[in-house]
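Beneath this line is the structure, given in structure tokens, with notes to follow.
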Amino acid sequence: MADCTKKKRTPQQIGRASKAKGTRFELQVAHWFQENGFSDAHRTAQYCGKTGNAGDVEGVPGLHIETKHVERLNLYDAWHQAVRDNTEKGKGDIPVVIHKRNREDTLVTLNLEDFTKIFSLYERGHCHD
């Protein structure tokens, strides 16, 4: 008879699984941008390793992108990381956090001022009937 009890995972196994989940999400976000007109988008660690102040996804002009695929996200901590890393990078990009939970939509968080800048550019570029 087969043993149907669930084996408890070690903290190391949980950590590796969590890191792999984050890596998959970074790749998913990079591929989404590539498929939507940003052919230079790539996962930072793929190209140059983690440099400390680079976003998780690079190659999208004007954005500093941090990604988080977790069930419980401290959004303000993630936001502060994006702002801090973007400031250290010194390019003046707009910091954004792209985040999701399992079986939920992917969301983007940015501050209201930056959202207004982006939306104003969008509005000016479109004719209204």
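Here are the numbers:
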read-out	value
Check on residue 33, more than 14 Å from the chain's Cα centre (by Cα) and either part of a helix (DSSP H, G or I) or hydroxyl-bearing (Ser, Thr, Tyr) (or both)	no
Selected residue (criterion: farthest from residue 18 (Cα to Cα)) from residues of segment 57-89 that are open to solvent by less than 30 Å² (accessible area, probe 1.4 Å) and part of a helix (DSSP H, G or I)	86
Residues being of a type in the set (D, E, K, R), part of a helix (DSSP H, G or I) and free of Cβ contacts under 8 Å to residues at least 12 places away in the same chain - total across segment 113-129	3
Tabulated pairs, segment 84-112, first without any contact (Cβ under 8 Å) to a residue 60 or more places away in the chain, second β-branched (Val, Ile, Thr) and in a helix (DSSP H, G or I), C-beta under 8 angstrom, 6+ apart or interchain	94/118; 95/83; 110/118
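The values are calculated or read from the model by the stated rules, or taken from the named source; none is laboratory data. The structure presented is a predicted model; accordingly, all values stated were derived computationally and were not measured. Positions of Cβ are backbone-derived with ideal geometry, glycine not excepted, and every protein chain shown enters the neighbour counts. All accessible areas refer to the heavy atoms of the entire protein, side chains included, with ligands and DNA or RNA removed. Shrake-Rupley method; radii C 1.70, N 1.55, O 1.52, S 1.80 Å.
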